[in-house]
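**Student:** One structure coming up, written as C-alpha cells, with questions to follow.
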Amino acid sequence: MKYPIYILAAMLLFVGVSAGEILDHPTSFDLKANSGGCYNDGSYWMTGWGVGAAGSYGGEPFENFCMVWESPCAAQTESAAVDLQFSGGSEKIVIRHLDGASNLDSFDVLVNGVLVGHYTDSLVSTESWVVSEFPVSGITGNWAVALVATDAAWPLCDPYGQIAVDYINVEPDNEIPEFGLIAGGVAMIGALGVFLFMRKR
C-alpha cells in the first residue's frame with residue numbers, strides 16, 4: 001500500500017530529530033480533542049489527527065479521543081502519527097480504538113514507516129471500543145508510530161471522521177513465546193532427575 005507522502009516525510013523528519021536532543025518521550029499517548037483540535041497532555045510530537053463532529057461515539061464524548069482520518073476525509077489524509085519511546089526489548093503497541101458502525105475501521109500500524117501490524121474491522125454494525133495489541137521487538141529510542149486507514153471513506157466520514165483512537169501505548173510484552181517451551185523443558189529435566197534419583201534408592 002502507498003502511504004501518504006506527508007506522513008512519511010514527517011517520520012523521516014522525526015528520525016533526524018530523535019537522533020539528536022529529544023529525550024524523555026512518552027511510552028503512552030492519551031489523545032484528547034476540543035473545538036480547537038486534537039491535543040495531548042504534554043507537548044509531545046503528533047501529526048495528522050483530527051476531531052470528529054460533536055456527539056457520542058460508542059458511549060464516549062468526542063472530547064475523549066481523536067480521529068485518524070479527519071472530516072472531510074480527503075485523499076492522502078488517512079494517516080496520523082505520534083512519537084513513542086521503545087526500550088529495545090519485547091514490547092507491544094497497545095491501541096484503544098473504536099470499531100464503529102461503518103464497518104470500515106481497518107488500519108495499518110507502522111513504526112518509522114515499517115509495517116508492524118494490521119487491524120481488520122469486525123464487520124459488526126455496532127459501536128464498540130476495543131483494545132488491540134501489536135507485538136514488536138528490537139526497537140530502541142523515540143520513533144513515529146503511525147496509523148493508516150486501509151478502507152475507503154464511509155459515507156458519513158464528513159462530518160464524523162473515521163477510526164477514533166483513545167490512546168496508544170508501548171508496554172512490555174510478557175507473553176514471550178519461547179517461555180512455554182523453556183518451562184516445559186525445565187519441567188521434563190526435573191521429572192527425569194526425580195525418576196533417576198528414585199531408581200538409585
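**Student:** Can you tell me which residue within the stretch 56-78, out of those that are without any contact (Cβ under 8 Å) to a residue 12 or more places away in the chain and not in a strand (DSSP E or B), is surrounded by the most Cβ atoms within 10 Å (Cβ to Cβ)? Give the derivation first.
**Tutor:** Within the stretch 56-78, the subset without any contact (Cβ under 8 Å) to a residue 12 or more places away in the chain is 56, 61, 74-75.
Those still in the list that are not in a strand (DSSP E or B) too: 74-75.
Working: ALA74: 12, ALA75: 7.
Once the filter is applied, the top-ranked residue is ALA74.
**Student:** How many residues, within the stretch 34-55, are on the phi > 0 side of the Ramachandran plot and in a loop (DSSP other than H, G, I, E, B)?
**Tutor:** 2
**Student:** Of all residues in the stretch 64-96, how many are closer than 18 Å to ASN174 by Cβ and more than 15 Å from the chain's Cα centre (by Cα)?
**Tutor:** 4
**Student:** Continuing with this model, one more query. Select from the stretch 160-180 the residues that are closer than 28 Å to TYR44 by Cα and exposed (fewer than 14 other Cβ atoms within 10 Å of the Cβ) and write down the one among them that is modelled with the lowest pLDDT.
**Tutor:** This residue is ASN174.
**Student:** For residues that are outside any loop (DSSP other than H, G, I, E, B), without any contact (Cβ under 8 Å) to a residue 60 or more places away in the chain and within 19 Å of ALA152 (Cα to Cα), tally how many sit in the stretch 94-114.
**Tutor:** 3
**Student:** Looking only at the stretch 96-127, which residues are among the aliphatic types (A, V, I, L, M) and farther than 19 Å from ASN64 by Cβ?
**Tutor:** LEU104, VAL109, LEU110, VAL111, VAL114, LEU115, VAL116, LEU123, VAL124
**Student:** Still on this structure, I have one more. Criterion first (at pLDDT 95 or above, surrounded by fewer than 20 Cβ atoms within 10 Å (Cβ to Cβ) and in contact with a strand residue (DSSP E or B) (Cβ under 9 Å, 6 or more places away or on another chain)) does HIS97 satisfy it?
**Tutor:** no
The values are calculated or read from the model by the stated rules, or taken from the named source; none is laboratory data. All figures in this text were calculated on a predicted structure; none of them were measured in a lab. Every residue, glycine as well, gets a Cβ built from its backbone with ideal geometry; the counts of neighbours run over all protein chains shown.
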